[in-house]
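The values are calculated or read from the model by the stated rules, or taken from the named source; none is laboratory data. Given the structure is predicted, the values throughout are model-derived calculations rather than measurements. Neighbour counts are summed over all protein chains in view; Cβ atoms, including those assigned to glycine, are modelled from backbone coordinates with ideal geometry.
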Amino acid sequence: MKKHEISIVDDEPINLMILKKLLSPSFLVRAYKSGEELLRAVNKDLKPDLVLMDIMMPGMDGYETLSELRKDPENLGIPVIYISSLDSLIDEEKGFRLGAVDYITKPFRPGIVLARVNAHLELKQARDRLKNQNKWLEAEVKRRMVENQLIQDTTLNVFAELVETRDNDTANHVMRTQHYVRIIAKRLQKNEKFKSYLRDDVIERISKAAPLHDIGKIGIPDAILLKPGKLNFEEFEVMKTHCKIGGNAIRLAINKTLAVNKTEAEQGEITALSFLEEAEKIMNYHHERWDGKGYPEELYGNEIPISARIMALADVFDALTTVRPYKKAWSMDSVVDYIIEQKGMQFDPDVVEAFEIEIEAFRQVMHQEPE
């Protein structure tokens, strides 16, 4: 077992000799004749587990030495016991204020010295164990958070891939629209109307929820979902139900989770579900229109959640700029003109203005090769 290291600081050789002889059988002892010598050694990383230091020394006294020692945060955990003569005029309050943990008087009484040294070493060990345990706990919490985030992201990608597997029209669509959503949200963050709500964590939540916007298409029959042409009225009515299919599925999943974790839910501790609640809004309302003529609930203007308003534009932009079985891809200029024309009708005017500023960023995403 490694011995504890003790530093003795005293300008009187006799005191150094007595303490070294007393402590050496149990500890690794380093002796210094001045505070300056101790500080130089500590700066060279010869950090002791405990310091026994005389107060009255020529040059740098014990108070000044301790004050300098404590200036480095790395040295705050080193306990310092002051040595003083019985007849010395010392300021104990000043010593404790500077960070000393105890006083030992001269002439030395071996039993008292050993008892005080051992007691403070045990306290230091306990503090070190607690500090190390706290560091381990912090690292473990961080590791689990990263692990949970990875699982969450992977789950989202699995859902997105399931949609793409059933609907070839959405190939890479979900990833592109996620980029478009993030671009618009970051631009809206600069708008006074939205900056208090669209914090970085909210934008991250919206962006992560965006790939789930069309998950309800899993519940649409293949004959309609995969039809190589334009849908008739009845078919389109069925297709429109994908919003509620997805939103209801997410709501059911959230409610089941809350029921199982009732205690945490009552305490408001299940923050991990917040992105799913955002996904529910996007799924339900990304086909609503600013003028109230959308579906499924014909919401109007600000009744539509901002995440769904952003998703609406991103979704339409990607649909128009890509080839579908029932249409050719529109040119970038044509799509831009259409979206601007729909400002205040299909789309939120603020969202359109954000899009206009970020057209080049949209163009870059549109031309990126799929990963």
Query raised in the report: Considering region 64-84 alone, what residues qualify as being hydroxyl-bearing (S, T, Y) and surrounded by fewer than 20 Cβ atoms within 10 Å (Cβ to Cβ)?
Result: S67, S84
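Suppose we keep only residues that are hydroxyl-bearing (S, T, Y) and at pLDDT 80 or above within region 163-183. Which one would you say is farthest from V351 (Cα to Cα)?
To start, the set of residues in region 163-183 that are hydroxyl-bearing (S, T, Y) comprises 165, 170, 177, 180.
Checking which are at pLDDT 80 or above leaves us with 177, 180.
Values: T177: 14, Y180: 11 Å.
Looking at residues that are hydroxyl-bearing (S, T, Y) and at pLDDT 80 or above, I get T177.
Do we find a residue being among the β-branched types (V, I, T), out of contact with any Pro (no Cβ under 6 Å at 6 or more places or on another chain) and in a helix (DSSP H, G or I) anywhere in region 34-53? It would help to see each step written out before you state the result.
Within region 34-53, the first condition is being among the β-branched types (V, I, T), and the residues that meet it are 42, 51.
Now narrow it down to the ones that are out of contact with any Pro (no Cβ under 6 Å at 6 or more places or on another chain): 42, 51.
From what's left, in a helix (DSSP H, G or I): 42.
Among the residues of region 34-53, at least one is among the β-branched types (V, I, T), out of contact with any Pro (no Cβ under 6 Å at 6 or more places or on another chain) and in a helix (DSSP H, G or I), which makes the answer yes.
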Query raised in the report: Can you name the residue in region 304-335 that is polar (S, T, N, Q) and over 24 Å from I224 (Cα atoms) and, of all such residues, is surrounded by the most Cβ atoms within 10 Å (Cβ to Cβ)?
Result: S307
Query raised in the report: List the pairs whose first member sits in region 123-139 and is in the same structural domain as G77 (by TED's automatic domain parsing), whose second member is surrounded by 10 or more Cβ atoms within 10 Å (Cβ to Cβ), and whose Cβ atoms are under 6 Å apart, counting only residues at least 6 apart or on separate chains?
Result: K124/P79
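Every residue, every condition in (1) over 24 Å from E356 (Cβ atoms); (2) touching a residue at least 60 places away in the same chain (Cβ under 8 Å); (3) outside any helix (DSSP H, G or I); (4) not assigned by TED's automatic domain parsing to the domain that holds M283, yes or no:
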position: T177; (1), (2), (3), (4): no, yes, no, no
position: N191; (1), (2), (3), (4): no, yes, yes, no
position: Y197; (1), (2), (3), (4): no, yes, yes, no
position: R205; (1), (2), (3), (4): yes, yes, no, no
position: A210; (1), (2), (3), (4): no, yes, no, no
position: K217; (1), (2), (3), (4): yes, no, no, no
position: E235; (1), (2), (3), (4): yes, no, no, no
Query - Selection count, region 323-370, where residues are closer than 17 Å to I183 by Cβ, outside any helix (DSSP H, G or I) and not aromatic (F, W, Y) - result: 4
Query - Evaluation of R324 against (1) at pLDDT below 95; (2) in contact with a Cys (Cβ under 9 Å, 6 or more places away or on another chain) (one fails), failing number - result: (2)
Query raised in the report: Is it the case that region 50-68 has a residue that's in contact (Cβ under 8 Å) with a residue 40 or more places away in the chain, farther than 15 Å from V117 by Cβ and of a type in the set (V, I, T)?
Result: yes
Query raised in the report: Is region 284-292 home to any residue that is surrounded by 14 or more Cβ atoms within 10 Å (Cβ to Cβ), closer than 20 Å to K190 by Cβ and more than 29 Å from the chain's Cα centre (by Cα)?
Result: no
Query raised in the report: Among the numbered criteria (1) over 45 Å from the mean Cα position of the chain (by Cα); (2) farther than 21 Å from A119 by Cβ; (3) among the hydroxyl-bearing types (S, T, Y), which single criterion is violated by S84?
Result: (2)
Requested in this report: Working only within region 44-60, note down all residues that are surrounded by 23 or more Cβ atoms within 10 Å (Cβ to Cβ) and of a type in the set (D, E).
Outcome: D54
Query raised in the report: Do any residues in region 282-300 that are under 18 Å from T177 (Cα atoms) have Cβ atoms under 7 Å from those of residues that are of a type in the set (G, A, S) and part of a loop (DSSP other than H, G, I, E, B), where the two are at least six apart or on different chains, and which pairs are they?
Result: H287/G294; E288/G294
Requested in this report: Could you tell me which residue of region 1-42 is surrounded by the fewest Cβ atoms within 10 Å (Cβ to Cβ), considering only residues that are closer than 23 Å to K71 by Cα and small (G, A, S)?
Outcome: A41
